[in-house]
Amino acid sequence: MSDDSTALNLTDFKPVPKLVVKETSIEKPRFPVIDAHIHLQAPFGGEWINRPLESLLDALDAAHVKAVVDLDGGWGEDILDAHLKHFKEGAPERFVHFGGVDWAQWETHGDRFGEWAAERFRKQVLRGAEGLKIWKPFGLHVKDQHGKRVAVDDERLSPLWETAGELHLPVIAHIADPAAFFDPLSPRNERWEELHAQPSWQFPSPPFPSFMTLMEDFANLVRRHKNTTFIGAHVGCYAENLAWVSSLLDECPNFNVDISARLGEIGRQPYSARKFFTNYADRILFGTDARATLDSYGLYYRFLETDDEYFNYSVNNPPTQGRWHIYGLYLPDDVLEKVYTQNAERLIFKRSPV
């Protein structure tokens, strides 16, 4: 503590709201749920790959989650095969697994990398992959054979996106982290605590591209490949600006979003968010990007279903993403059922009955 009696370390500031507001606990969602964005191995989703399948199924059953989309299939046959054997073989109706791209191979394949990656994805699909996951190093760290950063809309990758479209399989893309991760790490940065705890999550420009460069390149990619279904992870990677996301949804019928890991963003703009959900009910997928626990799922159910005011969006206190609280959206049943289940059934679970 400072000698100044009026000073207080931010880490010691843990105010207790004096608001007297309704608190609703929802352990059972109004409709069965498909989690379209989950990880089943470390570091994001725990160690389910190393635990008995029954323990995960029990956790999903407790939260009334009838199926999940596992995004940890990676690009090596050994990882994908391990996930297919451990999860899919044991409960085929409960799991869909996505493949990925081995960007390290660009130096070997040069300007034909896109064709190689497309063929590699075809092989993943033959093994059991039912979609493609693009992780955030794409656009930030991936370089071509000349050591130059590969832009998100690089035309050399067209064969990969066109192959996904030809196979009628979706591409879930995480292109950019929260916008504040690209801002200077000053006292004005709303993610100051989080970025100090995780310095590697900061992407100042230069040397990294600006946040809007990444987003506009992503929009160009979606526009260019109209026959490919894209799902923008984390509310299209721009939950802070629902008007921008809405504009791309309006322009591109092949674009969709999931809501994973962004309760802290959409929950603090409840009027805009409720309008967003009702306007694009057919284009929004439920997802958590969190550990499969009842506490975690319960926060999402409370946010989507109730009109509760000013509550913590995280199981941590204070919440790790930012020191604010959120408001419930109180969505109608027809919107909830699409977000919880129907959109994922239509876009992802075409080959795996749920």
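Every number here is computed from the coordinates shown, using simple stated rules; none is lab data. Here the structure is a predicted model, which is why all the values come from computation and not from measurement. Every residue, glycine as well, gets a Cβ built from its backbone with ideal geometry; the counts of neighbours run over all protein chains shown.
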*How big is the chain in terms of Cα radius of gyration and Dmax, in angstroms?*
20.4, 66
*What relative contact order, as a whole-number percentage, does region 200-311 give when Cα pairs under 8 Å and 6 or more residues apart are counted?*
21
*Starting from 0 in steps of 10 Å, tell me what percent of the Cα-Cα pairs of region 91-241 lands in each bin.*
11, 37, 33, 16, 3, 0
*Counting helices only, and only those DSSP H runs with n ≥ 4, report the 222 nm mean residue ellipticity of the chain as the sum of -39,500 (n - 2.57) divided by its residues, in deg cm²/dmol to the nearest 500.*
-9000 deg cm²/dmol
*Of the DSSP beta bridges with both residues in the chain, give the percent that are antiparallel, rounding to the nearest 5.*
10
*From the cross-link list Lys66/Lys338; Lys28/Lys133; Lys28/Lys275; Lys66/Lys350, which pairs have alpha carbons spaced over 18 Å apart?*
Lys28/Lys133; Lys28/Lys275
*DSSP loop trypsin sites (Lys or Arg not before Pro) in region 78-151 with at most 13 other Cβ atoms within 10 Å of their Cβ, which ones?*
Lys148
*Among the lysines, select those whose C-alpha is under 22 Å from the C-alpha of Lys148, and discard any that sit fewer than 8 residues away in the same chain.*
Lys136
